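Chemist: Please see the structure below; I have some questions.
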Amino acid sequence: MCYEDIVDFWQKKNISNSDELAYTLDSYSVNFAYNSGKIENNEITYHDTREIFDKNGVTSYTGSLKTLFEIQNSKIAYEKLLDAFDKKEIIDEDFVKKIHKYLTKGTYDERRYRLGERPGEYKHHDYVTGKYEVGASPSLVHEEMLELLDDINDLDTVNKDILKSAAYFHAKLENIHPFSDGNGRVGRLMMNYFLIIHNYPPIIIFEEDKKKYYSALEEYDKNIDLKPLINFLKEQSIKTWKNYIDRDK
C-alpha cells in the first residue's frame, strides 16, 4: 500500500458535511487526540482519552488536573474542527488563535500567567522551541503568521501539491512558534484541518515515532528541507489508515 492508495480511498468517500466526516473519523479522533497529546505529555493515556471522548468524563482518574484539561480540550477542539468543516471556515489568524484557545484553556501554568501569556493569544516573550530554533520574536509573530497563512491560502500554489503544502504549513508554524505553549498540538490539528478541507486524509503522528518526527522538523529548521517531513507524513498516513482500509475490503 502506498500514500496514493490512502488518498484514493479518502477521496472516493466524497465527504461533504460534518456528519459524514465524524462517521469516517469515529475511531481516528480518539487515536489522534491520544497520540498528539502524548507526544508532549507522557501522562496522557489511551484509556482516559477514550473515556472522555465517549462519556465526557473519566472514572478512577489519578493524573494531574492539567492533563485532564488537555484531554478534555482535545475533544472540544475536535468538535470545533467538525463545525469549521461544515462552514468551510478559512484558515486565518482568528481561526488559529481560536483553536489554540480551545486546546490550551486551563493548562497554562502560573509562571506563564505571571508573564502575561494567555490561551488564544500570541506569545509575549521568547521561548526555546527546539534544538536549532527559538522561534520568531514576539514582535514579528503577527507578520510571519500572516505571510504563512497567505501562502497556504494561495490556491494556485497549494493545489500543485496538497501534502507538500500541509507539511510546509506545519513545519513553518512550528518554526515561528507563535504561542508560549501548545504549538505542537495546534500545528498537528491545523495541518489535518488543512488536509481535510482539501479532500485529503488526516494523519495521526504516532507518539512512538516522535523522534523521527522531531528530526524531520529539525531538517526544516536547519536546511529549509521539507522532504524528510513529507516522507514521514506519507509513512504515518499509511500507518493511520492501512488497517481501516484492509478491514473494509
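Every number in this text was worked out from the coordinates using simple rules, so none of it is lab data. In this text the structure is predicted, and so the values were computed from the model without any measurement. No Cβ is skipped: glycine too gets one built from the backbone with ideal geometry, and neighbour counts run over all protein chains shown.
Chemist: Can you give the relative contact order of the chain as a percent, counting alpha carbon pairs under 8 Å and 6+ residues apart?
Modeler: Across the chain, relative contact order equals 23 percent.
Chemist: Then there is this: In nm, give the distance between the simple-model label positions of residue 211 and residue 231, each being 7 Å from the Cα along the Cα-to-Cβ direction.
Modeler: For the pair residue 211/residue 231, the computed spacing is 1.7 nm.
Chemist: Further question on the same structure: How far apart, in nm, are the 7 Å Cα→Cβ label points at residue 127 and residue 42?
Modeler: 2.0 nm
Chemist: On to the next question. As a footprinting exposure proxy, order 191, 145, 1 by other Cβ within 10 Å, with the fewest listed first.
Modeler: So the residues, fewest neighbours to most, are 1, 145, 191.
Chemist: Further question: In whole angstrom, note down how far apart the Cα centers of region 169-199 and region 13-53 are.
Modeler: With region 169-199 and region 13-53 each reduced to a Cα centre, they are spaced 16 Å.
Chemist: A follow-up question, please. Tell me the Kirkwood hydrodynamic radius of region 3-248 in angstroms, computed as one over the mean inverse distance between distinct C-alpha pairs.
Modeler: Computed over Cα pairs of region 3-248, the Kirkwood hydrodynamic radius comes out at 18.4 Å.
Chemist: Quick query: amide H of residue 225 versus all other amide H atoms, modeled in the peptide plane; which residues come in under 5 Å with a sequence gap of 5 or more or a different chain?
Modeler: Result for residue 225 returns 220.
Chemist: Compute the distance in nm between two label points, each set 7 Å from the Cα along the Cα-to-Cβ direction, one at residue 95 and one at residue 245.
Modeler: Spacing of the two 7 Å Cα→Cβ label points: 2.7 nm.
Chemist: A further question on this structure: Grab the DSSP H runs of the chain that are 4 residues or longer, score each as -39,500 (n - 2.57), total them, divide by all residues and round the 222 nm result to the nearest 500 deg cm²/dmol.
Modeler: The helix-only estimate for the chain comes to -21000 deg cm²/dmol at 222 nm.
Chemist: So if R0 is 22 Å, what FRET efficiency would residue 1 and residue 27 give, r being the distance between their Cβ atoms, rounded to the nearest 0.05?
Modeler: 0.75
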